[in-house]
1. What ranking do Val100, Val24 get, fewest neighbouring Cβ atoms within 10 angstrom at the top?
2. Taking neighbour Cβ counts within 10 Å as the exposure measure, how do Tyr130, Tyr245 sort from fewest upward?
3. Rank these for me by crowding, Val202, Val97, going from fewest to most other beta carbons within 10 Å.
4. Which of the lysines could a cross-linker span from Lys17 if the Cα-Cα distance has to be under 19 Å and same-chain partners fewer than 8 positions apart are dropped?
5. By how many nm would the segment from Glu214 to Ser237 lengthen if fully extended, with 0.36 nm per residue of separation less the alpha-carbon distance?
6. If you plug each phi of region 248-265 into the Karplus form 6.51 cos²θ - 1.76 cosθ + 1.60 with θ = phi - 60°, what whole-Hz ³J(HN,Hα) values come out, in order, with x for Gly and Pro?
7. Any idea what % of Cα-Cα pairs in region 206-299 are farther than 18 Å?
8. Considering the convex hull of the alpha carbon atoms of region 184-235, report its projected area averaged over all viewing directions, in nm², one decimal.
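Throughout, read-outs are computed from the coordinates displayed, never taken from laboratory work. Predicted, not measured: the structure shown is a model, and the values here were computed from it. Here the Cβ positions follow ideal geometry from the backbone for every residue, glycine too, while neighbour counts run over all protein chains shown.
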Amino acid sequence: MDTANKNIAESAFVSTKIEEGFYVLKFQNDTVNTQVFERKIDSSFIQFHFNVKGQCKFLFNAGGYELPLAEESALLLYNPQRDLPLHLNLAPDSWVVSLVISIKKFHALFSKEASYIPFLSEENRDKKYYKETAVSPPMAIVLNQLLNFNLAKNIKELYFKAKAYELLSLYFNRTENPDLEQCPYLSDEENILKIRKAKEIVIAQMAEPPSLQELSDEIGLSLKKLKEGFKQIYSDSVYSFLFDYKMEYGRQLLDTGEYNVNEVGLKLGYSTASHFIAAFKKKFGTTPKKYLMSLSTNM
C-alpha cells in the first residue's frame with residue numbers, strides 16, 4: 001500500500017492507496033490560516049468527501065463555482081462526462097477524509113445491487129451525480145479511527161483497507177430517500193436545526209445528559225418528532241448515538257496518555273470505573289486497560 005504525505009506547517013495531506021483504483025485521502029488543517037489542497041482526479045473516479053470537523057468548500061471551473069460542505073456532512077461527486085480535479089479550501093482547525101474509487105471497481109462491488117444505487121442504473125450511468133447527506137454516528141467513528149490510529153506498522157495496510165470498505169458500506173447502509181415520505185416534518189429546515197441542536201446539547205452535557213422529555217422541551221419539538229427526526233438524520237436513537245460518541249471520545253482521551261481509566265470514566269459521567277470499563281468493553285470488545293497496553297506495545 002502506497003502512502004504519500006505532504007505537510008504545510010501544521011496542515012497535512014495524506015494519500016493512501018488501498019488497492020488499484022481505490023484511495024483514502026486525509027486532509028488536516030491545524031493552522032490558523034485557510035489551506036488549499038489540490039489533486040488531479042479524472043472522470044473515471046467517484047469521490048466521497050466527509051467533513052469530520054470545521055469548514056471547507058470545494059472549488060470547480062477554476063474557482064468559478066464553490067460548493068461548501070457543512071461539518072458532519074458527506075458529499076458524493078461523480079461526473080462521467082468531465083474530470084473533477086480536487087480543489088479543496090480547508091478552514092483553520094478543520095479535517096476532511098475522502099474516498100476516491102474508480103467506477104470500474106465500484107461497479108464490481110455493487111453489480112448485484114445496481115438498482116439500489118441510483119447512478120449505477122442504465123438511465124443514469126452517463127449522468128453527473130452530486131449528493132450531500134449527514135454523517136451517521138457509525139460513520140463518524142470510522143472516520144475518527146482513520147484519522148487517529150495508533151497501530152503496529154505491519155497491520156496498518158489491513159486496518160486501512162478494512163476501515164475504507166467499512167466506511168463505504170456504512171455510507172450506503174441507509175434508505176436512498178429517507179426524508180419526506182417517512183418523516184414529512186423534516187422538510188422544515190427549522191425542525192432540522194432543532195434536531196441538530198438536540199445533538200449538540202447531549203454532547204455538551206454527556207456526563208449528565210437530559211431526559212428525552214427535557215431535551216424535547218428545550219428544543220421546542222414534540223417527543224415523537226424528536227425521536228423520529230433524530231433517527232432520520234443520525235440513523236440512531238438519541239442515547240445510542242450518545243453512547244457511541246462517549247465511547248469514541250473516551251478512547252481518544254485514553255490515546256492522549258494524560259488520563260487514567262478512572263479519570264476518563266468520570267469525564268464521561270460514569271460514577272464508578274467498573275461501569276465505564278463495562279461500557280468500553282461492550283463497544284470495543286476489550287477493556288480500557290488492555291487497550292492502553294496495546295498502544296504501548298505498538299509504539
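1. Ranking Val100, Val24 by Cβ neighbours within 10 Å, fewest first, gives Val100, Val24.
2. Listed from fewest to most nearby Cβ atoms, that is Tyr130, Tyr245.
3. In order of increasing Cβ crowding within 10 Å: Val202, Val97.
4. Straight-distance partners of Lys17: Lys6, Lys26, Lys40, Lys104, Lys105, Lys153, Lys156, Lys161, Lys163.
5. Taking Glu214 through Ser237 to full extension adds about 6.7 nm, to one decimal.
6. Each residue's phi maps through the Karplus curve to give 5, 5, x, 4, 5, 5, 5, 4, 5, x, 8, 10, 8, 4, 5, 5, 5, x Hz.
7. Beyond 18 Å sits 51 percent of the P(r) for region 206-299.
8. 3.3 nm²
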